[in-house]
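Since the structure comes first, as structure tokens, the remarks are kept for the end.
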Amino acid sequence: MNRIAPLSILALGILAFATLLLVIVPGIQINTEPPTPGLKPYTAQQLRGRQVYIANGCVYCHSQQPRSADQAPDDIRGWGRAAVASDYVFDRPHLLGTMRTGPDLLNIGARLPSREWQLTHLYQPRAISDWSIMPAYPFLFEVKDKAAPGDVVVSVPKEYAPRHGVVVAKPAALDLVAYLQSLDRTMPVPAKAIRDDGYDNDGVGK
Amino acid sequence: MTRQARDNRAPEETFEPYEEHRGIPLPVLWIAIALALWGVVMLFQSHSAADSGITRRASQLSTQTGQTADAGAALFVANCSTCHQPEGTGISAAIPPLAGSPFTAARPEVVTQILLHGINGPIRVGDRDFNGHMPSFASVLSNEEIARIGNYVRKRFGGQPPELTPQLVARERERFADRGPWAGGAEIAGTVDASLAPQPPTVPARIVPTDAATRHLVNDGRGDAWACASCHGAQGQGNEDVPRLAGLPAAYIAKQLGDFSSGRRDNDSMRVVARALSKREMAALGRYYERLSVPSTARPSLGGDLARGEKLALEGDWENKVPACFSCHGPSGFGVAPTFPSLSAQHPSYTARQLADWAGGVRSNSPVQMMEKISGRLSAEDRRAIADYLATLPPVPARKPTPEEASNANTAR
Amino acid sequence: MPTPHDKQRQPEGAPPATAPRSHGRTARTAILALAGGGVLFVIGMAAFETGLLGDGGDDTNRRETAAKQSDAAFQPPALGAIPDDENGAAIRRGMAIFLNTKTNAGDFVGNDLACVNCHLDAGRKPGSAPMWAAWVVYPKYRSKNGKINTMEDRLKGCFTYSMNGQGSPSGGPPPVGSDVYRDLEIYFRWLATGAPTGEKMKGAGYPKLKKTDIGYDPARGAKVFEQNCASCHGADGQGQRDINGRIVFPPLWGSGSYNWGAGMARVNTAAAFIKENMPLGQENRLTDQQAWDVAAFIDSHERPRDPRQTGSVEATAKAHHGGESYYGKTLNGRLLGTGTSGS
């Protein structure tokens, strides 16, 4: 191993170049991007829900990045328009995800805004879709004999309901649902927003 | 390699393996250089793609907002001509003519108010009476677009100078912000321009009250069914791939609920809800949503080609055996009760999804397999184009209950 | 057989001193590499552009559509191609009459139909008696009235029978020389732009439907109607209207439909039209037998009287209804052809 100096200089140079182009320049570019018009910062409850989302590993199965029509039929799946950089201004860190074992969730708040639906589904996904492979999250709920005033009772079909009492959502479940309801990036995007233009390289409108 | 050769290689303790310096073979260099050149070309191409993407979106945006050269004429063709006809002749006994109509020659506020709120009721144009429904354009056209259309219509059919400005339209929007459609020519003559009198008398609409059970089902749900409004919105306006229900034919809604319940139409969430409903409740929900008149919340969002969508909706693509959407769903996409749902102001994600489902065999509950066959002949681009185009249309004006329905509801209580 | 190890053994142990290579050799290698790389790149690009590499799917598609087109029927000009002059204005008027006949030629229309109801796609669709194919064969002899018919004569027949002119405000078809004829004719002429004159074109008329062995039967047709037609034309065959009372699906019988003298009142014509065009977008969904049966079902309902009738139905039937018509026949104890009230 002679000539170690030039080798290490070259290696460090390549690393520095890659860091510059893949980390620093995009970082500068994205940091100057204002939020998509109409996008609101998360509330305290939604932020708590976001922590529940992270803690329960939702990100391992659900992405938060609808793709453009050239790359995947996400728009026809109802997952919403292709995401742009400014959609994630308030997400630090973003929860883009890489796996799509389940559907994309970036617009779940727009397509399934029902709190009741979300609570039932979190308590027992099979109550809605018998083929669903999503885990149930019963520990976000508790079974009470009688709902106290202010309790949110979850509607559960008979075959999944507890024998006695009612299913009541714990605060964590309500926070999580509040976060899911806030996931709505259906607002129109400015023409100049930073985005991935897919494979559409002939510029012809399709 | 033979056994012989291996035997010959006696282990040499002193031997250190090393690599002799050998140049990279030329072909490898060739490929590397060719790939590098290719990469550079690709970089430039994708860069120009990003630019062209931006210009394309900008041009789409400007056509959508009608900022083209002869915007008034284009907006008239796109928004008015399916009913009032390109020459403004209207349709005998159904749609009032614009040509020679006193309404186009009246004060500029008249056309503005009609465009903003629509008309639900009798109206006299010349010596002929009409009793129809015109949609409200307030939710799909901007003040500037309404001013352009208004000026075009008043100039072409009424010979009036361009007196509408976006400011005037904005003022008129404010003036009757919360009102519904005009209840006929008499109300317009009485409120906006008295010179339009005489107009046929307006029969006051008998409001059919929705029973408390249906209201409860819509707004609060039940132990075994989520509230309709929790997904479809407080006014049945829908969002994304949750469809707009307001203004859909009652019988169509009831049929779909029945199909969800029986499994003829596949949707897990709707199956849970529909199985909890009785036939009576399904029918009641249908009647409830049919009568709702709600501003459009749909916007083109799939990047579809609106001109292509308009062509498919109005003329079809007969070479591919695709009839015009409106040849069955009604000449303005307002639907034909009981079988054909209204399409206008429906959310593009929902429309495109349904077309894809029909084409792919996921949904198969249309009469005579009509939609299955037609959707199958549409490309993915065409499906997006149609869905986006339909989202630009004004919402269907709510149908007034017929006198029998009104009396039925009253006696039922 | 030399192996890599044989080679390695040659210098015996010590690594060889890397002989400094001459600059000339390096330069030569560089030039060769660059040139070769460039050539390879150009070849690759050329292969990609000509479609040898990738995009192959597009190419076969293109070939298929080309093949389809050579087989396809005549293409009338696109709607957007109507000229912006006096001709264009007349063409637009003609098209408006064609699409909304009652609105734009209301004095001469005595029912709820429009030309476009039977000549689909604004008179453009092959197999639904397209107007571009009709234009190029007129004037011609027609046995229906036993004389040479100009296009105006033919249109007069349409207004008399299919549009039931006798029930219109004017009580008949447009008078000779009416602008209604002029506008319709220039619309047809424009549709036939580039069509060969005097030729029977592919897609003309309704393709004749061969008779089936068991004949046709309105009772069987009733079932076909219920399953395939009723969702659009209504269980009572009276069509459907939208919320503004605009006709979306035309009535098939009764006072709002074509009269007993219309071509469509003959079972063979109706069967041919139905087989080729109905339901919309699903040509040939019905079997020949079903098309005949349902046509018989439709045409065995009462409709406006034949305007040629001066005496009795029987006499008119003898004079004018030789073919496949229920006119003057008795079905389920009722004589057909007496007309509907109000016509």
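The values are calculated or read from the model by the stated rules, or taken from the named source; none is laboratory data. On a predicted model such as this, the values are computed, not experimentally measured, just so you know. Heads up, the Cβs are rebuilt from the backbone with ideal geometry, glycines too, and the neighbour counts pull from every protein chain shown. Ligands, DNA and RNA are excluded from the accessible area calculation, which covers all protein heavy atoms including side chains. Shrake-Rupley method; radii C 1.70, N 1.55, O 1.52, S 1.80 Å.
With a 1.4 Å probe and all protein chains in place, put B:GLU144, C:GLU152 in order of accessible area, largest first.
Working: B:GLU144 70, C:GLU152 45 Å².
Ranked from most to least accessible, the order is B:GLU144, C:GLU152.
Calculate the spin-label point distance for C:THR29 paired with C:ASP213, positioning each point 7 Å from the Cα along the beta-carbon direction, and give it in nanometres.
Reported label-point gap for C:ASP213 and C:THR29 is 8.5 nm.
What size of dipole, in debye to the nearest 20, comes out for the protein assembly as shown about its Cα centre when the only charges are +1 on Lys and Arg C-beta atoms and -1 on Asp and Glu C-beta atoms?
Values: 103 positive and 95 negative charges, 270 e Å.
So the dipole magnitude of the protein assembly as shown works out to roughly 1300 debye.
Work out the charge dipole of region B:114-179 with +1 on the Cβ of Lys and Arg and -1 on the Cβ of Asp and Glu about the Cα centre, then indicate which of B:GLY158, B:ASN143, B:HIS133 is farthest towards its positive end.
In region B:114-179, that residue is B:GLY158.
Express the carbon and sulfur contribution to the solvent-accessible surface of chain C as a percent, rounded to the nearest whole number, probe 1.4 angstrom. Walk me through the numbers on the way to the answer.
Values: 9640 of 17460 Å².
Summing carbon and sulfur atoms, their accessible area is 55 percent of the total for chain C.
What residue among C:PRO279, C:GLY94, C:TYR206 has its Cα farthest toward the positive end of the dipole of chain C, where the charges are +1 on Lys, Arg and -1 on Asp, Glu, each on the Cβ?
Farthest towards the positive pole: C:TYR206.
What accessible area per residue, rounded to a whole number of Å², is obtained for region C:147-208 using a probe radius of 1.4 Å? Each step should come with its number before you reach the end.
Details: 3020 Å² over 62 residues.
So region C:147-208 comes to 49 Å² accessible per residue, rounded to a whole number.
In the full protein assembly as shown, how much of A:VAL59 is accessible to a 1.4 Å probe, in Å² to the nearest 10?
Ignoring ligands and nucleic acids, A:VAL59 comes out at about 40 Å².
Check cross-link reach from C:LYS202 to the aspartates and glutamates: straight Cα distance under 15 Å, and skip same-chain residues fewer than eight apart.
Once the sequence-local aspartates and glutamates are set aside, what remains near C:LYS202 is B:GLU319, C:ASP71, C:GLU276.
What is the total of Lys pairs in chain A with C-alpha atoms under 26 Å apart, excluding same-chain pairs fewer than 8 positions apart? Write down the numbers at each step before the final one.
Values: A:LYS40/A:LYS170; A:LYS40/A:LYS192; A:LYS144/A:LYS158; A:LYS144/A:LYS170; A:LYS146/A:LYS158; A:LYS146/A:LYS170; A:LYS158/A:LYS170; A:LYS192/A:LYS206.
So the count of such lysine pairs works out to 8.
Please go through region A:1-54 and write out the trypsin sites (Lys or Arg not before Pro) that DSSP classes as loop and that have at most 12 other C-beta atoms within 10 Å. Each step should come with its number before you reach the end.
Numbers: sites: A:ARG3, A:ARG48, A:ARG50; in loops: A:ARG3.
Sparse-neighbourhood loop trypsin sites (Lys or Arg not before Pro): A:ARG3.
Say we join alpha carbon atoms closer than 10 Å with springs in a Gaussian network model of chain B; which of B:VAL218, B:VAL41, B:VAL192 then has the biggest fluctuation?
Taking springs between Cα atoms under 10 Å, the residue moving most is B:VAL41.
If you average 1/r over all unlike Cα pairs in chain B and invert the result, what Kirkwood radius do you get in angstrom?
24.9
Between A:ASP145 and A:GLN71, what's the calculated FRET efficiency when r is the beta-carbon distance and R0 is 45 Å? Round to 0.05.
According to the calculation, E is roughly 0.30.
Rank B:VAL362, B:VAL110, B:VAL40 by mean-square fluctuation in a GNM of chain B with C-alpha springs under 10 angstrom and give only the top-ranked residue.
The residue that fluctuates most here is B:VAL40.
Leaving ligands, DNA and RNA out of it, rank C:VAL39, A:VAL166 by accessible area with a 1.4 Å probe, largest first. If you can, show how the numbers build up before the last one.
Numbers: C:VAL39 85, A:VAL166 45 Å².
Putting C:VAL39, A:VAL166 in descending order of accessible area: C:VAL39, A:VAL166.
Based solely on its DSSP helices, what 222 nm [θ] is calculated for the protein assembly as shown when runs of n ≥ 4 H residues each add -39,500 (n - 2.57) and the sum is averaged over all residues, nearest 500 deg cm²/dmol? Before the final figure, lay out each step's value.
Numbers: 41 runs with 414 residues, N = 962.
So the helix-based figure for the protein assembly as shown works out to -12500 deg cm²/dmol.
With a 1.4 Å probe, what is the total accessible area buried between chains A and B, in Å² rounded to the nearest 100?
On the way: alone 12840 and 22820 Å², together 32880 Å².
So the total buried area for this chain pair works out to about 2800 Å².
Skip the ligands, DNA and RNA, and give the accessible area per residue of region A:37-182 with a 1.4 Å probe, whole Å².
Numbers: 7000 Å² over 146 residues.
Counting only protein heavy atoms, the per-residue value for region A:37-182 is 48 Å².
What does a probe at C:LYS202 reach in region C:70-113, counting residues whose amide N is under 12 Å from the point 7 Å along Cα→Cβ?
Residues C:70-75 qualify, since their backbone N sits under 12 Å from the label point.
What is the distance in Å between the Cα centroid of region C:147-179 and that of region A:63-85?
Taking the Cα centre of region A:63-85 as reference, the centre of region C:147-179 is 57 Å away.
Can you tell me, using C-alpha contacts under 8 Å and at least 6 residues apart, the relative contact order of chain C as a whole percent?
Details: 505 pairs, mean separation 52.3, N = 343.
Reported relative contact order: 15 percent.
Estimate for me the total accessible surface buried between chains B and C (protein heavy atoms, probe 1.4 Å, no ligands or nucleic acids), in Å² to the nearest 100. Spell out each step's value before the answer.
Details: alone 22820 and 19860 Å², together 37970 Å².
The buried area between B and C, both sides summed, comes to about 4700 Å².
What figure, in Å² to the nearest 10, do you get for the accessible area of C:LEU99 with a 1.4 Å probe and non-protein molecules left out?
Approximately 60 Å² for this residue.
With each label point set 7 Å from Cα along the Cα-Cβ vector, what nm distance links A:MET187 and A:ARG100?
2.6
Say R0 is 60 Å: what FRET efficiency, to the nearest 0.05, do C:THR330 and B:ARG107 get from their beta-carbon distance?
Numbers: r = 64 Å, r/R0 = 1.06.
About 0.40, to the nearest 0.05.
How much length is gained if the chain between B:ARG128 and B:GLU319 is pulled fully straight, taking 0.36 nm per residue apart and subtracting their Cα-Cα distance, in nm to one decimal? Can you show the working numbers first?
On the way: separation 191, 0.36 × 191 = 68.76 nm, distance 4.02 nm.
Roughly 64.7 nm would be gained on extension.
Can you tell me the length gained on complete extension of the stretch B:GLU16 to B:ALA177, counting 0.36 nm per residue apart and subtracting the Cα distance?
Working it through step by step, the gained length comes to 48.7 nm.
Where in region A:69-89 does accessible area fall by at least 30 Å² between the isolated chain and the complete protein assembly, at a 1.4 Å probe radius?
Buried by the other chains: A:ASP75, A:ILE76, A:GLY78.
Among A:ARG81, A:ARG92, A:ARG126, whose mean-square fluctuation peaks in a Gaussian network model of chain A (Cα, cutoff 10 Å)?
Of the options given, A:ARG92 has the highest mean-square fluctuation.
At 1.4 Å probe size, what's the solvent-accessible area of B:HIS117? Round to the nearest 10 Å².
20
Out of all Cα-Cα pairs in the protein assembly as shown, roughly what percent, to the nearest whole number, are more than 54 Å apart? Show your work: numbers first, answer last.
Working: 141778 of 462241 pairs.
Value for the protein assembly as shown (Cα pairs over 54 Å): 31 percent.
Just to confirm my numbers, what's the Cα centroid distance between region C:240-299 and region B:98-173 in Å?
Spelled out, the Cα-based centre of one part sits 39 Å from the other.
Could I get the Rg over Rh figure for region B:257-301? Both from C-alpha atoms, Rh via Kirkwood, rounded to two places.
Details: Rg = 13.2 Å, Rh = 12.0 Å.
My calculation of the ratio gives 1.10.
Which pairs in the list B:LYS255/C:LYS102; B:LYS373/C:LYS223; B:LYS311/C:LYS125; C:LYS125/C:LYS318; C:LYS102/C:LYS156 are over 25 Å apart, alpha-carbon to alpha-carbon? Could the numbers behind the result be given before it?
Numbers: B:LYS255/C:LYS102 34 Å; B:LYS373/C:LYS223 22 Å; B:LYS311/C:LYS125 16 Å; C:LYS125/C:LYS318 35 Å; C:LYS102/C:LYS156 15 Å.
Checking Cα-Cα distances, B:LYS255/C:LYS102; C:LYS125/C:LYS318 exceed 25 Å.
Nearest 0.05, what FRET efficiency do B:SER142 and A:VAL89 give at R0 = 30 Å with Cβ-Cβ as r? Kindly include the intermediate steps, with their values, before the conclusion.
Numbers: r = 27 Å, r/R0 = 0.91.
That pair, B:SER142 with A:VAL89, gives E of 0.65.
Which whole-number percent of Cα pairs in region A:1-156 have a distance greater than 21 Å? Walk me through the intermediate numbers first.
On the way: 7392 of 12090 pairs.
Across region A:1-156, Cα pairs with separations above 21 Å total 61 percent.
Protein chains only, probe 1.4 Å: how do B:VAL294, C:VAL137 rank by accessible area, largest first?
Working: B:VAL294 10, C:VAL137 45 Å².
In descending accessible area the options line up as C:VAL137, B:VAL294.
Taking 7 Å along the Cα-to-C-beta vector as the label spot, tell me the C:ASP288-A:LYS158 distance in nanometres, rounded to one decimal.
5.7
Expressed in nm to one decimal, what extension gain is obtained for the pair A:ALA44 and A:ASP130 from 0.36 nm per residue of sequence separation less their Cα-Cα distance?
Stretched out fully, the A:ALA44 to A:ASP130 stretch lengthens by 27.5 nm.
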